[in-house]
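Just so it is clear, none of the values below were taken in a lab; they were calculated from the coordinates. Keep in mind it's a predicted model, so treat the numbers as computed, not measured. When we count neighbours, we look across all protein chains shown, and the Cβ atoms used for this are built from the backbone with ideal geometry, even at glycine.
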Amino acid sequence: MQGMIDSITQRLHQRVSGILMHPSSFPGLWNMGDLGSGAYSFIDFLAKCEQKLWQVLPLVIPDSFGSPYASVSAFAGNGRLISPEKMLSDGLVTAADIAMAQDAVQEGPHRKKHLLKLALDKCSPNTERDFQKFQKKNSIWLRPYAVFLVLEEKFGAPWTSWPKKFRSCSQELLEKEALAHQNKIRLLEWEQYIFHSQWQALRQYAHQHDIAIIGDIPIFVSHHSVDVWQNQSQFKLNAAGKPKVVAGVPPDMFSKTGQRWGNPHYNWKKMEENGFSWWVRRFAHLLELVDFIRLDHFRGFEAAWEVPAREKTAINGKWVSGPGEKLFDRIEAELGTLPIIAEDLGLITPEVNALKDKYGLPGMKILQFAFNSDDQNDFLPHNFENERCIIYTGTHDNNTTLGWYHNASQLELDNLSRYLWVENDREMVWDFIKMAMESIAIWSLIPMQDILELDEKARMNFPGTSANNWEWQMKEVKVEPGIADRLRQLTKKTGRCLEIKERDKEER
């Protein structure tokens with residue numbers, strides 16, 4: 001297995017391709033995407049089409065609007081992705097248990113909680129031993145997370161509104177609350193154990209098919225999170241625990257008032273004093289789940305836009321220096337060379353590029369951004385400086401490519417027509433896919449919606465809005481043979497098929 005993993009981590013320097021697809025978009029019981037048979041069928045599809053990469057969004061618990069970029073924990077996995085079907089095949093529950101959960105509870109998430117409790121109440125001695133090992137290994141984040149959710153259930157949100165004695169996380173408080181709420185704490189930690197067990201089984205299946213997984217780290221965390229509650233001195237908070245300043249981006253051509261995200265800013269000086277230990281743990285934890293990391297808002301590690309919390313817009317903010325090399329040097333010293341993709345979109349300065357180049361990190365190129373100016377546009381493939389980049393037709397924050405085409409400006413349509421001789425949408429999506437695959441970019445990643453030629457109804461997220469996002473889901477992972485064959489042939493034609501190249505070397 002180690003040899004296989006080493007081969008996968010070398011992929012950052014190999015010309016391959018893959019698909020962007022979050023697990024919540026898989027089919028699953030109770031109309032919820034999960035890590036069951038649909039996920040395994042997706043791996044089979046990737047293998048059949050010679051794809052070597054699978055990119056996911058953050059695997060953490062989403063907020064009430066479904067966003068995985070605003071979680072109560074930077075470490076806890078999304079329990080909604082747990083598959084009842086996999087619990088059944090693993091012998092944790094019976095078909096009668098699943099039927100009982102379905103009859104007893106109306107909503108899917110609560111059904112899963114009910115099913116998890118049934119499994120916990122009758123877990124075997126071997127499973128109990130494995131569960132206890134998981135608890136011990138992850139104790140630094142697992143117990144605080146479970147206590148935080150118990151307190152949230154009791155007192156609501158945000159944590160700054162809790163009775164004073166609960167607003168600070170201490171070992172004494174954790175032990176006291178864990179004792180007072182043993183059953184709830186145990187169930188929350190059991191849920192994490194099941195999620196991580198199912199994910200690791202799926203990851204192993206991907207590795208067996210020579211497929212590497214790309215994860216995602218959002219740069220900022222939510223104020224109402226166990227991370228802030230547990231590490232208050234490492235964030236810029238006032239005496240009451242509320243943010244002094246919040247994150248965002250300045251006004252630009254897309255927004256006259258900028259974007260006020262509202263996440264608390266890090267106290268980088270405090271973090272540096274303890275060797276950026278929280279960040280080291282965060283990277284180490286995710287690298288146990290995935291093979292590569294897309295680092296969100298990379299430019300924020302060089303300098304981030306900081307807005308006084310009292311401001312209602314992002315206009316009156318300022319650029320504040322980030323940790324830069326100090327953070328990445330520390331992480332490399334602790335964990336070795338990191339397999340990172342830098343999300344370098346937006347306002348990128350020479351200083352940001354210098355930070356990215358020092359560590360040899362590939363950046364991102366988005367084809368949907370390539371046609372809104374002239375032929376010097378940095379996102380046009382002929383302008384790529386070198387192959388050290390990852391090309392996408394679009395990402396989770398973009399429209400689908402067909403949706404983009406339907407809503408493109410006249411300038412974009414004219415430029416596209418001259419560049420690709422596009423006259424209608426019949427072949428436009430695959431022209432984009434072909435353009436990405438043929439580019440010099442070391443990796444090509446295509447959202448599953450584009451592989452299926454879906455329109456704007458299948459868009460994953462619309463930045464700046466909260467409703468009706470993160471909802472797209474496949475009814476079944478069943479792709480027409482013609483599409484699969486087309487993707488496989490294009491992968492071979494564009495030299496992104498590892499097996500073909502390796503076979504050629506052997507023959508020579």
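Placing unit charges on C-beta atoms (Lys and Arg positive, Asp and Glu negative, everything else neutral), compute the dipole magnitude of the chain about its Cα centre in debye, rounded to 20. Can you show the working numbers first?
Working: 60 positive and 66 negative charges, 341 e Å.
The dipole magnitude comes to about 1640 debye.
Over the chain, what is the percentage of antiparallel beta bridges among all DSSP beta bridges, to the nearest 5? Numbers along the way, then the final one.
On the way: 14 of 39 bridges.
The answer is about 35 percent antiparallel.
First obtain the Kirkwood hydrodynamic radius of the chain from its Cα pairs, then insert it into the Stokes-Einstein equation at 4 °C and 1.567 mPa s, and state the resulting D in µm² per second as a whole number.
Numbers: Rh = 24.2 Å.
Stokes-Einstein gives a translational diffusion coefficient of 54 µm²/s.
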Inset, instruction - Collect residues whose amide H, placed 1.01 Å from N in the peptide plane, falls under 5 Å from the amide H of Ile219; neighbours closer than 5 in sequence don't count. - result: Asp296
Legend entry - Residues Thr337, Thr313, sorted so that the one with the fewest Cβ neighbours within 10 Å comes first: Thr337, Thr313
Inset, instruction - Mind jotting down the three principal axis lengths of the range 294-368 based on Cα atoms? Whole angstrom, largest first. - result: 41, 34, 20
Inset, instruction - Taking the dipole about the Cα centre of the chain, with the C-beta of Lys and Arg at +1 and of Asp and Glu at -1, give me whichever of Asn398, Leu361, Pro323 is farthest to the positive side. - result: Pro323
Legend entry - Partners for Lys356 among lysines (Cα-Cα distance below 17 Å; same-chain residues under 8 apart left out): Lys326, Lys365
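Which net charge results when you count Lys and Arg as +1 and Asp and Glu as -1 among the other residues whose beta-carbon is under 12 Å from that of Val226?
Working: positive: Arg143; negative: Glu152, Asp227.
Result for the neighbourhood of Val226: -1.
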Inset, instruction - Can you find, among Gln449, Val226, Ile213, the residue farthest towards the positive end of the dipole of the chain? Put +1 on the C-beta of Lys and Arg, -1 on that of Asp and Glu. - result: Val226
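Could you list Met87, Met428, Met253 so that the one with the fewest beta carbons within 10 Å of its beta carbon is first and the one with the most is last?
Exposure proxy ranking, most exposed first: Met253, Met428, Met87.
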Legend entry - Selection of GluC sites (Glu not before Pro), the range 17-111, meeting DSSP coil and at most 12 other Cβ within 10 Å: Glu107
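Sorting check: for 399-405, 119-125, 197-203, 467-473, which peptide has the highest mean count of neighbouring beta carbons within 10 Å, and how do the rest follow? Please list the in-between numbers first.
On the way: 399-405: 23.3, 119-125: 13.6, 197-203: 19.1, 467-473: 15.3.
Those peptides, ordered most packed to least, come out 399-405, 197-203, 467-473, 119-125.
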Inset, instruction - Report the one residue of Pro243, Leu29, Pro84 whose Cα lies farthest in the direction of the positive end of the charge dipole of the chain (charges on C-beta: Lys and Arg +1, Asp and Glu -1; origin at the Cα centre). - result: Pro243
Inset, instruction - Would you mind ranking Met460, Met32 so that the residue whose beta carbon has the fewest other beta carbons within 10 Å leads the list? - result: Met32, Met460
Legend entry - Sequence-distant lysines (8 or more away, or on other chains) whose Cα lies within less than 24 Å of Lys117: Lys86, Lys133, Lys136, Lys137, Lys154, Lys176, Lys184
Legend entry - Cα radius of gyration and Dmax for the range 140-280 (Å): 18.4, 54
